[in-house]
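Quick note: the coordinates plus some simple rules give every number you see, no bench work behind them. None of these values were measured; they are calculated from a predicted model. Note: ideal-geometry Cβ built from the backbone for every residue, glycine included; neighbour counts use all protein chains shown.
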Amino acid sequence: SLGLMLYCSRLFSRLGKGTPVPIRPPTELVVSGVYQFSRNPIYVGQVGVLLGYFLYSGKPALLLYALVWTVTVQLMLLGFEEPQLRKRFGAAYLAYSRSVPRWVALRTRTADRE
């Protein structure tokens, strides 16, 4: 998850001219790299780590924690992040959100058409 976060931060810095952190958000919409498969790869990585901890330990509380975390992030995305992205990037974000899922896809939409 740390490697994924660093990779995404680099994409945001290089392509987005900003960071994933709200105090210095990107000025350009980042849609390449892992962002071709998920609009939120950092959150996907975090949920993956939590599920990995559960599988390793077998403790149901960790599965519950992963579920609560996922629901919390989903609500945050719907209520705050996505409206801000639509406002900041307009039609470009709308097109991106229609072609790339919020969580994860195994193939890009372009690959589905081939």
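Give me the distance in nm between label points sitting 7 Å out from Cα along the Cα-to-Cβ direction at L94 and S13, one decimal.
Taking the simple label geometry, L94 and S13 are separated by 3.4 nm.
Tell me the Kirkwood radius of the chain: reciprocal of the mean inverse pair distance over distinct alpha-carbon atoms, in Å. Don't skip to the end; give the middle numbers.
Values: mean 1/r = 0.0660 Å⁻¹.
It is 15.1 Å.
Once phi is turned into ³J(HN,Hα) by the Karplus curve 6.51 cos²θ - 1.76 cosθ + 1.60 with θ = phi - 60°, what whole-Hz value does each residue of segment 75-85 show in order, with x for glycine and proline?
After applying 6.51 cos²θ - 1.76 cosθ + 1.60, I find 5, 5, 5, 5, x, 10, 4, 5, x, 5, 5 Hz.
Using only DSSP helix segments of four residues or longer, with each worth -39500 (n - 2.57), what per-residue ellipticity at 222 nm results for the chain after dividing by its residue count and rounding to 500?
Values: 6 runs with 69 residues, N = 114.
Calculated mean residue ellipticity at 222 nm is -18500 deg cm²/dmol.
Could you tell me the relative contact order of the chain? Use alpha-carbon pairs under 8 Å, at least six residues apart, and round to a whole percent.
On the way: 101 pairs, mean separation 32.6, N = 114.
The normalised contact order for the chain reaches 29 percent.
Take the Cα gyration tensor of segment 16-80, multiply each eigenvalue by 5, square-root it, and list the three semi-axes largest first, rounded to whole angstrom. Walk me through the intermediate numbers first.
On the way: eigenvalues 150, 36, 18 Å².
One finds semi-axes of 27, 14, 10 Å for segment 16-80.
Label S1 and T27 with points 7 Å out from Cα along Cα→Cβ: what is the distance between them in nm?
Modelled inter-label distance: 3.2 nm.
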